[in-house]
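Novice: Mind having a look at this structure? Questions to follow.
The values are calculated or read from the model by the stated rules, or taken from the named source; none is laboratory data. Because the structure is predicted, anything quoted here is derived from the model rather than measured. Ideal geometry is used to build each Cβ from the backbone, glycine not excepted, and the neighbour counts take in all protein chains shown. Surface areas here come from the heavy atoms of the whole protein model, side chains and all, with no ligands, DNA or RNA. Shrake-Rupley method; radii C 1.70, N 1.55, O 1.52, S 1.80 Å.
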Amino acid sequence: MTPAELQRITTARTLITKGEARRHRAARHLSLQDVADSIGISRSTIHRWETGASVPSAANALRWADALGITEEDTCQAE
């Protein structure tokens, strides 16, 4: 993985631990199902991430970041 990908994974996980994952998704007008379909996982898994019940693997965190369009700028804001 590249340093940029690792940073986006960290950002995705930071958004989850700060409880901001749902807000971030909603700001992009995406439903749980939209994100789940684009990643290839279940809607309930996305829900568990957003509520902090579980944390995505590195690969899924990167897919989630891609689905939400998380950029380097978001990385700076999440910290």
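Novice: Hey, can you list the DSSP H helices of the chain whose Cα span along the axis is 24 Å or longer and whose average Kyte-Doolittle score is at least -0.5?
Specialist: Once both thresholds are applied, nothing remains.
Novice: Express in Å², to the nearest 10, the accessible area of H47 obtained by rolling a 1.4 Å probe over the protein heavy atoms while all chains stay in place.
Specialist: Per-residue accessible area (H47): approximately 80 Å².
Novice: What whole-number value in Å² describes the accessible area per residue of segment 3-62 for a 1.4 Å probe?
Specialist: With the other protein chains kept in place, segment 3-62 gives 53 Å² per residue.
Novice: Here's a follow-up. Would you mind computing, in nm to one decimal, how far apart the modelled labels at S54 and T10 are, each placed 7 Å from Cα along Cα→Cβ?
Specialist: Distance between label points: 2.5 nm.
Novice: On the full set of protein chains, 1.4 Å probe, figure out the accessible area of T11 and give it in Å² to the nearest 10.
Specialist: Rounded to the nearest 10, the figure is 0 Å².
Novice: A further question on this structure: Describe numerically, in nm with one decimal, the distance between label points set 7 Å from Cα along Cα→Cβ at R28 and at S42.
Specialist: So the two model labels end up 2.3 nm from each other.
Novice: Ok, one more. Given a 1.4 Å probe and every protein chain left where it sits, what share in percent of the accessible area of the chain is carbon and sulfur?
Specialist: 51
Novice: Another question, if that's okay. Could you work out the relative contact order of segment 1-63, using alpha carbon pairs under 8 angstrom and six or more residues apart, expressed as a whole percent?
Specialist: Answer for segment 1-63 is 41 percent.
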